[in-house]
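Engineer: There's a structure below that I have some questions on.
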Amino acid sequence: MKSMPKDYLQPMRIVVHLLRKEFIQIFHNKGMLPLIFVMPFIQLVILSNAATFDVAQVPFHLQDYDRTPLSEHLVKRFTSTGYFRMTGESSRQDKGIDALISREADMVIVIPREFEKEMINSGHARIQLVINAEDGFNAGVVRGYAYEIISSFNRDIKRLLPQMSSPATVQPNIEIRSSGWYNPELVYSEYMVPGVLVVLVTIIGLFLSAMNVVREKEIGTIDQINVTPIKRWQFITGKLFPFLVIGLGELTVGLLIARVAFHVPMLGSYALIYFVATIYLLVVLGMGLLISTTTDTQQQAMFIAWFFTVIFILLSGLFTPIESMPHWAQNLTQLNPIRHFVDIIRRIMLKGSVIEEILVPLGILSVQSAVMLTLAIVRYRKISA
């Protein structure tokens, strides 16, 4: 009996049919198409314009005790570069400190008395730069910009002061004494650890809550729950409270590691951090619940949660300074809860800020938590009717 010839192309035909089936399923899934084609381009457009390591328009406070033409020339050098902008001027030391604390300025320029006289007589003079080093990376960049401006100014001093009595061979020089506040040694971990801690709490809270209700849909238990006499607020509380406890537990472990392993200072109140963290987690959990009620599969929920997480992290000021972003991006970051919590936790840990000093970002987080929870509850009401 003659054997049938083997069809060596049969395995490839099976693969081709499987590929065809998968592509048909993908393009027929209306929920997956925006995740594949729309969201990556939105991220590319927003983040490419907003995420930058340049530092521009650094606000500074001026304390010019000399009030001479030379000191005025020096100040003009700072304001004409585009890297600095003067937000205030005073003759009292405490005013400069207040400007740093209130975030009105990130640097204080102190020009001492007899600045011009010392330069004319000896060819040397001193100024002081007091820089907000809460963000060690930005502080280093700001200091570098200031040094470049002053070095350029040094080269032009002889032209500005032809009456200088110093020998021609002596290069005029301004000595800079800089000091960083809130992070004097510019230790990068003291700046990064609080921000990374916020990111970890966000990922845990958002991803777990985003996949919670949708998992009930996939296994079919959501319909059974909806026909029980359980009230909506009971259902929402039962879904979110465990993740709130887990998020606060993650925060506790993170704060312990930050203190023991990285020696990050804690100048403020732990109670205030936990109070703010509770409000922040309500924002994140409400957002996750909203995502969960608007998606049909855990895969969709994870894609959407990751889409928002990437944008929120990169527009939070954690890796790139918000002040250097375009104006529209700076306004957009006001809607970013991570930005506000990162700002608050750094202020509390590194500055020792009290609740009166964080009322604005705390108020924004409170409004966002109310809005997100309301939207999530309303959306759940629609799908459970």
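The values are calculated or read from the model by the stated rules, or taken from the named source; none is laboratory data. Computed from a predicted structure; not experimentally measured. Neighbour counts run over all protein chains shown; Cβ positions are idealised from the backbone, glycine included.
Engineer: Residues of segment 316-361 being of a type in the set (A, V, I, L, M, F, W, C), surrounded by fewer than 20 Cβ atoms within 10 Å (Cβ to Cβ) and assigned to a helix (DSSP H, G or I), which ones?
Structural biologist: Those that are of a type in the set (A, V, I, L, M, F, W, C), surrounded by fewer than 20 Cβ atoms within 10 Å (Cβ to Cβ) and assigned to a helix (DSSP H, G or I): I322, W328, A329, L332, L335, I355, L359, V360.
Engineer: Moving on to the next point. Report yes if some residue within segment 358-377 is in contact (Cβ under 8 Å) with a residue 40 or more places away in the chain, closer than 25 Å to Q57 by Cα and hydrophobic (A, V, I, L, M, F, W, C); otherwise report no.
Structural biologist: So far as segment 358-377 goes, yes, one or more of its residues are in contact (Cβ under 8 Å) with a residue 40 or more places away in the chain, closer than 25 Å to Q57 by Cα and hydrophobic (A, V, I, L, M, F, W, C).
Engineer: Restricting to segment 304-352, what's the tally of residues that are among the polar types (S, T, N, Q), modelled with pLDDT of 90 or more and under 24 Å from T252 (Cα atoms)?
Structural biologist: So the answer is 2.
Engineer: Applying the selection to segment 224-271, what residues are among the hydroxyl-bearing types (S, T, Y) and either farther than 20 Å from I377 by Cα or exposed (fewer than 12 other Cβ atoms within 10 Å of the Cβ) (or both)? Before you say what the answer is, go through the steps one by one.
Structural biologist: First, the residues of segment 224-271 that are among the hydroxyl-bearing types (S, T, Y): 228, 237, 252, 269-270.
T228, T252, S269, Y270, listed by residue number.
Engineer: Taking segment 121-142, which residues are part of a helix (DSSP H, G or I) and either over 22 Å from V264 (Cβ atoms) or aliphatic (A, V, I, L, M) (or both)?
Structural biologist: Those that are part of a helix (DSSP H, G or I) and either over 22 Å from V264 (Cβ atoms) or aliphatic (A, V, I, L, M) (or both): N121, S122, A139, V141, V142.
Engineer: With the structure loaded, tell me whether N183 is crowded, with 18+ Cβ neighbours inside 10 Å and touching a Lys or Arg at 6+ places or on another chain (Cβ under 6 Å) or whether it fails that test.
Structural biologist: no
Engineer: Out of all the residues in segment 326-357, which are touching a residue at least 40 places away in the same chain (Cβ under 8 Å) and of a type in the set (D, E, K, R)?
Structural biologist: R346, R347, K351, E357
Engineer: Looking at (1) at pLDDT 85 or above; (2) in the same structural domain as A139 (by TED's automatic domain parsing); (3) over 30 Å from M107 (Cα atoms), find the lone condition where I150 falls short.
Structural biologist: Only one criterion is unmet by I150, namely (3).
Engineer: Another question, then. Please state which one of G96, G82, G88, G123 is surrounded by 15 or more Cβ atoms within 10 Å (Cβ to Cβ), of a type outside the set (F, W, Y) and at pLDDT below 85.
Structural biologist: Being surrounded by 15 or more Cβ atoms within 10 Å (Cβ to Cβ), of a type outside the set (F, W, Y) and at pLDDT below 85 holds for just one of G96, G82, G88, G123, which is G123.
Engineer: Additional query: Can you name the condition, by its number, that A376 falls short on among (1) outside any helix (DSSP H, G or I); (2) more than 15 Å from the chain's Cα centre (by Cα)?
Structural biologist: If we test A376 against (1) outside any helix (DSSP H, G or I); (2) more than 15 Å from the chain's Cα centre (by Cα), just (1) comes out false.
Engineer: A further question follows. Do we have any residue at all in segment 180-189 that's in a helix (DSSP H, G or I) and at pLDDT below 85?
Structural biologist: Checked against the condition, which is being in a helix (DSSP H, G or I) and at pLDDT below 85, segment 180-189 yields at least one hit.
Engineer: Continuing with the same structure: Name every residue in segment 111-120 that is charged (D, E, K, R) and part of a loop (DSSP other than H, G, I, E, B), in order of residue number.
Structural biologist: R113, E114
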